[in-house]
Amino acid sequence: MNSAGKYLLISCLLVIVLQVSAQTYQEGNVYYDKNKWVEFIPGNMPLVISVPHGGLINLDSVPDRTCPDAVTVIDSHTQDLAKAIDSVFRRDYHFHPSIVFCNLRRLKVDMNREIELGTCGYDPMRVPWIQWHNWVDTALAMAVKQYGQSVYIDLHAQGHPEQRLELGYLLTPKELEESFKGENDTLYTSKASIKNLIAYHKGKLTLKELLTGPAAFGTWMVESGFPSVPSKQDPFAYANQKYFNGGYNTARYARYPNVFGWQIETNYKGVRDTPDAYYRFAEAFVKNIMRYIATYTTIDVKKMGK
Ligand SMILES: [Zn+2]
């Protein structure tokens, strides 16, 4: 396709997406694109969870992503984890998060990469890519409009030898280590995916406390039975260990105005290996994310969902 044709196609896609985005989304409904390739469950609390790599639909008509740097591994059972989180919220509270699923295999489209790499340049996959991101965007806008702030979690799975949750705050292992030692605090705070939350506290809350303090999210998850890095118990990954520090979505959405969050890379054993494990993880996640919102934001938990 020549560049004028490409421009026309992209313009048409944007018009379609903007028409879709003009609609209002009702909590309690589930929205799909016409092919059910992407899915949006609007919530009514200040939490948005995106699940980019759990999809299982394989389209023979779409070429496999084989361009340089394409990663195609499925994050198995991450949709199950998000559904378990949703169920626990609905069971224990009268509210639940917004969730955005990609139902297509990562072999066909990657929602956690910019659009060129995400589609490997295959134009028809731009449609679900744009729609998926439009829904993450919409979900965050809805949450911020209602509550003034929102937490954003990009949920993944890792196959590393270390069986622990890898919490990605956009800081490398070396940066986490230095932060833990109290070095370069200003620099790493400005890079971190929770920089908006720290700014909100005007110097009364530090990056170090939020990553490795006694009331850090990772510390609470460890106490709930889910080893996590960074945490008080396991502050940073060592040079010989594998660790994901957060990808495209975390960098794009967690630092939106009034948004903060992180990537969660879940290990398999005890988290994704059985339906019981999904629920144990979901219960720990729900307990600790509610504790986090109550501790670090001014959002009135009693008014949530109303
Ligand atoms: Zn992933």
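The values are calculated or read from the model by the stated rules, or taken from the named source; none is laboratory data. Everything numeric here is computed off the predicted structure, so don't read it as measured data. Using ideal geometry, Cβ is built from the backbone for each residue, glycine included, and neighbour counts are taken over all protein chains shown.
Would it be correct to say that L187 is within 16 Å of the ligand (Cβ to nearest atom), surrounded by fewer than 21 Cβ atoms within 10 Å (Cβ to Cβ) and of a type outside the set (D, E)?
no
Can you go through L165, L197 and tell me which one is buried (at least 20 other Cβ atoms within 10 Å of the Cβ), within 16 Å of the ligand (Cβ to nearest atom) and on the phi < 0 side of the Ramachandran plot? If you could, list the steps in order and put the result at the bottom.
On the way: L197 fails: within 16 Å of the ligand (Cβ to nearest atom).
Among L165, L197, only L165 is buried (at least 20 other Cβ atoms within 10 Å of the Cβ), within 16 Å of the ligand (Cβ to nearest atom) and on the phi < 0 side of the Ramachandran plot.
For E183, only one of the following conditions fails: (1) more than 14 Å from the chain's Cα centre (by Cα); (2) among the charged types (D, E, K, R); (3) part of a helix (DSSP H, G or I). What is its number?
All conditions pass for E183, except number (3).
Please go through segment 165-189 and give me each residue that is farther than 30 Å from K269 by Cα and without any contact (Cβ under 8 Å) to a residue 12 or more places away in the chain, ordered by number.
K181, E183, N184, T186, L187
Hey, among the residues in segment 121-155 that are within 16 Å of the ligand (Cβ to nearest atom) and in a helix (DSSP H, G or I), which one's surrounded by the most Cβ atoms within 10 Å (Cβ to Cβ)?
Ranking the candidates gives W132 first.
Would you kindly identify the helices (runs of 4 or more DSSP H) lying entirely within segment 1-120 that contain at least 1 residues that are at pLDDT 95 or above, over 15 Å from the mean Cα position of the chain (by Cα) and within 16 Å of the ligand (Cβ to nearest atom)?
Of the helices (runs of 4 or more DSSP H) lying wholly inside segment 1-120, those with at least 1 residues that are at pLDDT 95 or above, over 15 Å from the mean Cα position of the chain (by Cα) and within 16 Å of the ligand (Cβ to nearest atom) span 115-119.
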